[in-house]
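Take a look at the structure below.
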Amino acid sequence: MNYYDLTAHEIHELLVKKEVTSVEVTNSVIERAEKTEPYIESYLERTFECAVNTARKVDEKIAKGEDISPLEGVPAALKDNLCTKGVKTTCASKMLENFVPCYDAFVVKKIKEQNSPVLGKLNMDEFAMGSSTETSYFKTTKNPYDINKVPGGSSGGCAAAVCAGSAVYALGSDTGGSIRQPASFCGVVGLKPTYGLVSRFGCVAFASSLDQIGPITRDVTDCANVLNSIVAHDELDSTSLDIPKVDYTKALTGDIRGMKIGIAADYIQDGINEDVKKAFLSAAETFKALGAQVGEYTMKAAKYALPAYYIISGAEASSNLARFDGIRYGYRSKKYEDLTELYKNTRSEGFGAEVKRRILVGTYALSAGYYDAYYKKAQKIRTVIINDFNEQFEKFDFIITPTTLSTAFSIGEKIENPLEMYLNDLCTVSVNIAGLPAISIPCGFDSGGMPIGLHIIGKALSEETILRAAYAFEQNTRFNKKRAIVKNKEGREI
Amino acid sequence: MKITSQDVEYVANLARLKIHDDEKDKLIADIESIIEFADVLSEVDTENIEPTYHAIKAQNVLREDIVTNNYDRDELLSNAPSKQDGCFEVPKVVE
């Protein structure tokens, strides 16, 4: 048995039964990482030694007869926009190439409290802006199912590592689909929680009203367990919700009889890949067979979500990235005569093209004379979108869409055309705009063997509903059981 | 919305970004296409709609004005590009 192929809950069972040690599991994942990384390139920074030390601590606990929690001793990795004390946190940008935080993000603290051996920091699109992990300053991560294809983005490193077996679970972030889209492209599970459920303290901000941190895992059970460990009120995030604690694993009943599901008529139209359409409609049939009622819906504001998103996220990004000025941390240009030149040269040399593009769009949308027409207008569209969703949730318990309209595309195929790249987020951005929870789970493969994702959206704070639906689907289809066979450029298994 | 070279220069200055001549044309074209893409928002009648800044109802959170954290100054300065005497060192700002 390859321990690196197992889910967290399978590893937990073996640890409890003392059939394996955490050190053995961690070493198995490390060896797998060392084997696959030359091809996949998902890690920016490795902390393997530290991980083994944590594993050893957990083994000592088990040897003493102490109880362990579901994630204890289970190797994990973190997207590189999550501050980790003493470990480089770069956001895949030259701007933070040598930045070492002196504190842990809230979620990192939580994962460390769980004694999950942390293997390292994972590649992403620069400052989380992208849908393919191609805007990373350092390297392009590859899709384990086909190394000529992208893993998706911006949490591409996370999805690729969990898919390839070089991490059992990961924490990513999602602003417009950045957990769900790569999860879909890599055939793994990715969940974006309700806005405010998971503290953003220590997550380098991109768009503060849209960003959320969430789990990327091999199955829905692991997703529920990771969610349990990172959801808590945090005083250091003023948008953190203070609500009663929930055990998300209690939602994993497999029973969805009588639930009403809305399927998006808008997305099953021109532009959708035929295999994705087939898998999506087949998923709807699976839900029907499990006793749910399926109805169609159309969102009035669907076509406005993507443009509104690029205005809102661009505007918020222009504000959030103003802090990168070469003064207190990060890159500073060597060429400047005065302060203004220091700022301009630092930022122009430190940021990549996509980041600069988004900052400029955002600054434009906020500038005098355009604020009302763009930023304020987009925030009004936001209200329309929220109302649109509320209407649907009066009729349905949850709604489903394909996560993306296509499967993973080739590296280099879309990077020159920003608008074409942005279309990858079509099905996912409205969820961030409305602050809703959503999960992407594997629901099939296209004719080329590339994974397809099913997107389940619930109303605010209905993680239990979407987990229940996802679990029911997963248990009756088992797409999550597939493991990627990583092949080299010659097509040979590595 | 047509974006001119002056528009981009003006906005770049606001954002403290420098645009090099060889990237100017593509950048203007890209930004124009994104802004044009967003122009579709004007189709929607939002006369009586309030903007939403927080999707989930948010309230400003306050706390007592007491120092509760205790960071080591050297740790906080550890990422500084240039420092001196426990301070960040910057070019002269005031003449």
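The values are calculated or read from the model by the stated rules, or taken from the named source; none is laboratory data. Just so it is clear, the model here is predicted, and its values are computed rather than measured. No Cβ is skipped: glycine too gets one built from the backbone with ideal geometry, and neighbour counts run over all protein chains shown. We work out accessible area using only protein heavy atoms, side chains counted, and drop any ligands, DNA or RNA first. Shrake-Rupley method; radii C 1.70, N 1.55, O 1.52, S 1.80 Å.
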TODO: Report, to the nearest whole %, how much of the accessible area of chain A belongs to carbon and sulfur atoms, 1.4 Å probe, protein only.
DONE: 47 percent
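Kirkwood hydrodynamic radius for the stretch A:168-265: how many Å is it when counted over pairs of different Cα atoms?
Its Kirkwood hydrodynamic radius stands at 14.6 Å.
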- [ ] Mind scanning A:Lys94/A:Lys482; A:Lys110/A:Lys250; A:Lys88/A:Lys277; A:Lys79/B:Lys57; A:Lys250/A:Lys395 and naming the pairs with a C-alpha gap bigger than 30 Å?
- [x] A:Lys94/A:Lys482; A:Lys88/A:Lys277
Open item on the list: Just to be sure I understand: of the beta bridges DSSP finds with both ends in chain A, what percent are antiparallel, rounded to 5?
Closed with: 65 percent
Open item on the list: I'd like the residues of the stretch A:220-244 whose 1.4 Å-probe accessible area shrinks by no less than 40 Å² going from the isolated chain to the full set of protein chains.
Closed with: A:Ser238
Task: Reachable lysines, given that their alpha-carbon falls under 18 Å from the alpha-carbon of A:Lys64 and they are not under 8 places away in the same chain - done: A:Lys17, A:Lys18
Task: Where the stretch A:380-465 is the region considered: accessible area per residue in Å², 1.4 Å probe - done: 28 Å²
Task: Separation between Cα centres of the stretch A:127-172 and the stretch A:391-409, rounded to whole Å - done: 23 Å
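Which of the chymotrypsin sites (Phe, Trp or Tyr not before Pro) found in chain B are in a DSSP loop and have at most 16 neighbouring Cβ atoms, other than their own, within 10 Å?
Listed in order of number, the matching sites are B:Tyr53, B:Tyr71.
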Open item on the list: Given a 1.4 Å probe and heavy atoms of the protein chains only, how would you sort A:Thr26, A:Thr221, largest accessible area at the top?
Closed with: A:Thr221, A:Thr26
Open item on the list: Could you give each residue of the stretch A:76-86 its phi-based ³J(HN,Hα) in whole Hz, using Karplus coefficients 6.51, -1.76, 1.60 with θ = phi - 60°, and x for Gly or Pro?
Closed with: 10, 9, 10, 4, 7, 10, 9, 4, 10, 4, x
TODO: Mind grabbing the interface size between B and A? I mean buried accessible area, both sides, 1.4 Å probe, in Å² to the nearest hundred.
DONE: 5200 Å²
TODO: DSSP loop (so not H, G, I, E, B), at most 13 other Cβ within 10 Å: list which trypsin sites (Lys or Arg not before Pro) in the stretch A:35-110 pass both filters.
DONE: A:Lys64
Open item on the list: I'd like to check one number: the per residue accessible area of the stretch A:113-182, probe 1.4 Å, reported in Å² as a whole number.
Closed with: 13 Å²
Open item on the list: Based on DSSP loop calls and a cut-off of at most 14 other Cβ atoms within 10 Å, the longest stretch of chain B free of exposed trypsin sites (Lys or Arg not before Pro) is what?
Closed with: B:3-56
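Give me Rg/Rg_expected for the stretch A:51-208, where Rg uses Cα atoms only and Rg_expected = 2.2 N^0.38 Å with N residues.
In units of the 2.2 N^0.38 Å rule of thumb, it is 1.02.
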Open item on the list: Please list the three semi-axes, largest first and in whole Å, of the ellipsoid equivalent to chain B, using sqrt of 5 times the eigenvalues of its alpha carbon gyration tensor.
Closed with: 39, 29, 11
TODO: Any chance you could check the stretch A:302-330 for residues losing 10 Å² or more of accessible area when the partner protein chains are in, compared with the chain on its own (1.4 Å probe)?
DONE: A:Lys303, A:Tyr304, A:Leu306, A:Pro307, A:Tyr310, A:Ile311, A:Ile327, A:Arg328, A:Tyr329, A:Gly330
- [ ] State the percentage of accessible surface on chain B attributable to carbon and sulfur atoms; use a 1.4 Å probe and exclude ligands, DNA and RNA.
- [x] 48 percent
Task: Whichever aspartates and glutamates have a C-alpha closer than 18 Å to that of A:Lys376, once near sequence neighbours (fewer than 8 apart) are set aside - done: A:Glu316, B:Glu36, B:Asp39, B:Glu43, B:Asp45, B:Glu47, B:Glu50
Task: Proximal aspartates and glutamates to A:Lys487, defined as alpha-carbon separation beneath 13 angstrom and excluding residues fewer than eight positions away on the same chain - done: A:Glu37, A:Asp146
TODO: Please pull out the direction-averaged projected area of the protein assembly as shown, using the convex hull of its alpha-carbon atoms, in nm² to one decimal place.
DONE: 27.9 nm²
Open item on the list: Within 10 Å of each candidate Cβ there may be at most 15 other Cβ atoms; applying that plus a DSSP loop requirement, which GluC sites (Glu not before Pro) in the stretch B:1-68 survive?
Closed with: B:Glu47, B:Glu64
- [ ] Compute the Rg/Rh shape ratio of the stretch A:215-268: radius of gyration over Kirkwood radius, all on alpha-carbon atoms.
- [x] 1.09
Task: MRE, 222 nm, helices only [DSSP H, n ≥ 4, -39500 (n - 2.57), over the protein assembly as shown, to nearest 500] - done: -11500 deg cm²/dmol
Open item on the list: What number results when the radius of gyration of the stretch A:424-482, computed over Cα atoms, is divided by 2.2 N^0.38 Å?
Closed with: 1.22
Task: the stretch A:180-187 - phi-based ³J(HN,Hα) in whole Hz, Karplus 6.51/-1.76/1.60, Gly and Pro as x - done: 6, 5, x, 4, 5, 5, 9, x
